[in-house]
Amino acid sequence: MRFTGIISRDLRLALRQRSDAAMIVLFFVLTAALFPFGVGPEANQLAAIAPGVIWVTALLSVLLSLERLFLADYEDGSLELMALSPVPLELTLLAKVLAHWLTTGLPLIVAAPLIAVLFNMPLEALPTLATAMLLGTPTLSLIGAVGAALTLGARRGGILIPLLVLPLYIPTLIFGVSAVDAALGGFPVRPHLLLLMAILLISLVVSPLAGAAALRQANE
């Protein structure tokens with residue numbers, strides 16, 4: 001199966017189960033909307049916590065979808081056929097991660113400005129927020145794919161994935177929030193965005209290798 005064929009196949013499957021993607025975005029919006037009830041409606045306070053709230057809720061939303069990344073293919077035998085196809089398993093993993101990001105990360109990026117406006121975030125910080133999430137959410141999918149591959153076939157895999165990937169998500173979370181905080185404070189955002197890009201590039205190299213090795217182990 002070709003690289004583009006895997007992406008189109010996963011996107012078609014996602015379109016048939018549109019409710020899953022909608023649930024992730026709904027979880028993102030509703031979870032973020034709970035914070036004002038806990039911290040109060042004071043506008044400046046909400047604006048100050050907005051970057052952290054958006055990033056943490058986006059991270060949790062991505063976690064919700066990771067268990068299904070390879071599970072259906074593993075259960076119906078498709079994953080074994082992919083491993084035997086001429087396309088390297090590393091490229092297959094990248095294709096599935098890209099499809100996952102298009103159906104999970106991209107909708108979160110689109111929904112993030114709505115949360116930012118609700119939290120009284122200044123409009124001039126929205127481009128930085130969008131750029132940071134554009135660099136950070138693919139990293140969440142890449143690292144999450146490794147966790148999903150490592151727990152494939154394990155009992156209670158949905159519980160194990162957060163334990164494996166949450167510590168690895170911390171650098172992306174820190175620099176994603178720092179970029180938006182810098183924009184809000186009038187400081188340069190370029191260093192934080194470059195660090196997010198560096199993490200993404202490292203993940204693009206390491207995650208397919210580690211994830212493919214885990215998938216081969218699961219197929220044995």
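The values are calculated or read from the model by the stated rules, or taken from the named source; none is laboratory data. This is a predicted model, so every value here is computed, not measured. Note: ideal-geometry Cβ built from the backbone for every residue, glycine included; neighbour counts use all protein chains shown. In case anyone asks, the SASA skips ligands and DNA or RNA and just uses the protein heavy atoms, side chains included. Shrake-Rupley method; radii C 1.70, N 1.55, O 1.52, S 1.80 Å.
If you roll a 1.4 angstrom probe over the protein chains with everything in place, what fraction of the accessible area of the chain belongs to carbon and sulfur, to the nearest %?
On the way: 7680 of 10890 Å².
With neighbouring chains kept in place, the figure for the chain is 71 percent.
Remark: the Cα gyration tensor places region 113-177 in the prolate category, a/c being 1.5 or greater and a/b exceeding b/c. Label reach from A154 (point 7 Å along Cα→C-beta): in region 63-104, amide nitrogens under 13 Å belong to 67.
Using a cut-off of under 11 Å, list every residue of region 1-42 whose amide N is near the label point 7 Å from the Cα of V87 along the Cα-to-beta-carbon line. 1-11, by backbone N distance to the label point. Using the Cα gyration tensor of region 84-202, with a ≥ b ≥ c the square roots of its eigenvalues, what is the shape: rounded (a/c below 1.5), prolate (a/b larger than b/c) or oblate (neither)? Prolate.
What number, in percent, do you get for the relative contact order of region 116-206 if the mean sequence gap of Cα pairs under 8 Å and at least 6 apart is divided by its residue count? Taking the mean separation of contacting Cα pairs over the length of region 116-206, I get 40 percent.
Long hydrophobic helices in the chain: the complete DSSP H runs spanning 18 Å or more by Cα along their own axis with mean Kyte-Doolittle hydropathy of at least 1.6 are 18-39, 43-66, 106-118, 157-185. If R0 is taken as 30 Å, the Cβ-Cβ distance between R18 and D76 corresponds to a FRET efficiency of 0.90. Cα centroids of region 67-91 and region 102-151: 26 Å apart.
Helix content alone sets the calculated 222 nm mean residue ellipticity of the chain: runs of n ≥ 4 DSSP H residues at -39500 (n - 2.57) each, divided across all residues, give -28500 deg cm²/dmol.
So what is the relative contact order of the chain, in percent, for Cα pairs below 8 Å that sit 6 or more residues apart? In percent, rounded to a whole number, it is 27. In the context of the full set of protein chains, the chain has a per residue accessible area of 50 Å² (1.4 Å probe). Residues within the reach of a label modelled at A213 (point 7 angstrom out along Cα to beta-carbon, backbone nitrogen below 18 Å), restricted to region 114-151, are 142-151.
Remark: spin-label model distance L102-L64 equals 2.2 nm, labels positioned 7 Å along the Cα→Cβ axis. What the Cα atoms of the chain give is an Rg and a Dmax of 17.8, 58 Å.
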